[in-house]
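Enquirer: Would you mind keeping the following structure in view while I ask a few things?
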Amino acid sequence: MEDITSIPVISMSSRKSTIPANTTFQEMYDFFLAGITDDMFMEMTREDTEQLLEEILFAAIPQFEFPKKDLFDVDMTNKSFNCYLDLEEKMILRQYMIVEWISFQLASIENIRQKYSSTDFKFTSQASHIDKLIKLRQEYEDRGFHLQRLYNNRYKSKNGYLSTFTKIMSKRDADGY
């Protein structure tokens with residue numbers, strides 16, 4: 001049996017965490033797809049799926065009102081942002097990607113055409129379905145807004161996340177806070 005005192009101990013403070021240089025579009029696509037269920041993406045070719053996901057991502061970016069990083073600075077050759085997005089920023093973008101995805105659903109002619117239900121041969125209510133989609137889209141917009149409010153009202157310090165209220169009420173530092 002090995003003596004426990006001879007096992008090397010690795011200090012967590014001595015580890016250097018490496019932050020990737022940038023976030024790829026594919027990372028955002030995967031993060032978005034993990035938040036929805038849609039068989040449509042399985043029926044499409046890879047190229048068509050990536051094109052649609054890129055459209056959804058680019059439509060979502062302007063809805064992130066005050067990002068701390070330049071989300072419009074993208075590398076189209078490598079399909080990536082020219083910055084690293086942390087989990088909080090990815091969560092906000094995902095909310096707005098879902099909003100855009102629901103908007104695509106609302107814009108579909110399939111939701112406007114009157115259809116017969118196979119079980120009772122009565123007309124199904126597209127108006128009711130569209131109303132539910134609109135309410136769902138609003139819920140995701142509200143979540144995105146809430147996440148942005150949290151994101152913009154706190155900052156990271158050596159002691160963890162703190163409210164910006166303390167910075168607003170105290171003397172401004174070199175960063176303008």
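Enquirer: Would you pick out the residues in the range 140-156 that are surrounded by 14 or more Cβ atoms within 10 Å (Cβ to Cβ), at pLDDT 90 or above and among the charged types (D, E, K, R)?
Expert: Hits for the range 140-156 are GLU141, ARG143.
Enquirer: From (1) within 17 Å of ARG143 (Cα to Cα); (2) among the β-branched types (Val, Ile, Thr); (3) in a loop (DSSP other than H, G, I, E, B), pick out the condition that doesn't hold for THR77.
Expert: Of the numbered conditions (1) within 17 Å of ARG143 (Cα to Cα); (2) among the β-branched types (Val, Ile, Thr); (3) in a loop (DSSP other than H, G, I, E, B), the odd one out for THR77 is (1).
Enquirer: Further, regarding this structure: Taking the condition of being within 18 Å of PHE104 (Cα to Cα), under 15 Å from the mean Cα position of the chain (by Cα) and in contact (Cβ under 8 Å) with a residue 24 or more places away in the chain, how many residues in the range 29-54 meet it?
Expert: Here the count works out to 6.
Enquirer: Follow-up. Find the residue count for the range 66-120, including only residues that are of a type in the set (Asp, Glu), within 27 Å of ASP131 (Cβ to Cβ) and modelled with pLDDT of 85 or more.
Expert: Looking only at that region, the number is 1.
Enquirer: Give the residue that is modelled with the highest pLDDT, with candidates limited to residues of the range 121-139 that are of a type outside the set (Val, Ile, Thr) and part of a loop (DSSP other than H, G, I, E, B).
Expert: SER125
Quick grid of which residues meet (1) loosely packed, with under 11 Cβ neighbours inside 10 Å; (2) among the charged types (D, E, K, R):
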{"site": "THR49", "(1), (2)": "no, no"}
{"site": "PRO62", "(1), (2)": "yes, no"}
{"site": "PRO67", "(1), (2)": "no, no"}
{"site": "VAL74", "(1), (2)": "no, no"}
{"site": "ASN78", "(1), (2)": "no, no"}
{"site": "LEU87", "(1), (2)": "yes, no"}
{"site": "LYS90", "(1), (2)": "no, yes"}
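Enquirer: Has the range 16-25 got any residue that is buried (at least 16 other Cβ atoms within 10 Å of the Cβ), at pLDDT 95 or above, outside any loop (DSSP other than H, G, I, E, B) and of a type in the set (Val, Ile, Thr)?
Expert: No, that holds for no residue.
The values are calculated or read from the model by the stated rules, or taken from the named source; none is laboratory data. Just so it is clear, the structure is predicted and the values come from calculations on it, not from any experiment. Please note: Cβ atoms are built from the backbone with ideal geometry, for glycine as well, and neighbour counts cover all protein chains shown.
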